[in-house]
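Input: a single structure, listed below in structure tokens.
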Amino acid sequence: MRGKLAILAILSLALVATGFGIWFKRQMTYQVLELLGPGAVQRVALPTHVDYLELQASTGSGTANHGETLTLPDIQIDVTRRLDISGAAGLIHLKHALLQDASYEWHASTDGSPTWRHALQFMDDQDRTTFLIDLDQRQVMILERGRRAVLGTKINAGLKAYLAELTIDGDE
């Protein structure tokens with residue numbers, strides 16, 4: 001009888017720990033889930049392909065990178081460079097950071113006119129999620145949803161260093 005109680009106690013403890021783990025993880029990612037949506041969170045966590053895009057405001061000529069542009073409601077942005085970073089060192093850490101509530105300042109204002117110079121595109125077999133990034137104003141916009149957020153200073157500094165490293169490696 002004692003053995004059965006011990007097993008029952010261990011199973012109960014395991015269920016409580018599992019429930020706490022699920023609750024804790026949800027608390028760490030609740031606002032990111034609202035920003036991105038469930039499909040995009042899955043795409044960022046487990047992409048089949050990831051690209052880094054260097055951007056500049058459109059001149060209207062449509063000649064940058066063979067005319068590839070990103071269209072926002074109020075502007076068009078030329079893609080001047082596209083790099084496949086699917087196998088880049090540190091990408092796992094970047095994905096993890098982008099999916100944590102602590103990486104954003106949720107109560108900061110997204111007012112102003114960001115200058116989108118960088119983008120990260122996470123793709124799976126069916127769709128893509130594009131993070132437009134303004135490192136100077138610490139803003140990010142999810143292109144497909146039109147939602148913006150303010151990056152925390154720590155992830156912004158890390159992104160700045162990571163993107164600089166990507167572009168140096170991409171030049172070689």
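Please indicate, with yes or no, whether at least one residue in segment 122-135 is touching a helix residue (DSSP H, G or I) at 6+ places or on another chain (Cβ under 6 Å), over 17 Å from Ala149 (Cα atoms) and of a type in the set (Ser, Thr, Tyr).
no
Here is a check on your reading of the model: is Glu144 closer than 24 Å to Glu68 by Cα, in contact (Cβ under 8 Å) with a residue 40 or more places away in the chain and among the charged types (D, E, K, R)?
For Glu144, the condition - closer than 24 Å to Glu68 by Cα, in contact (Cβ under 8 Å) with a residue 40 or more places away in the chain and among the charged types (D, E, K, R) - is met.
Can you confirm whether Gly3 is farther than 24 Å from Gly158 by Cβ, within 21 Å of the chain's Cα centre (by Cα), modelled with pLDDT under 95 and in a helix (DSSP H, G or I)?
Here the answer is no, as Gly3 does not meet what is asked.
The values are calculated or read from the model by the stated rules, or taken from the named source; none is laboratory data. Keep in mind the model is a prediction, meaning the values are calculated, not measured. No Cβ is skipped: glycine too gets one built from the backbone with ideal geometry, and neighbour counts run over all protein chains shown.
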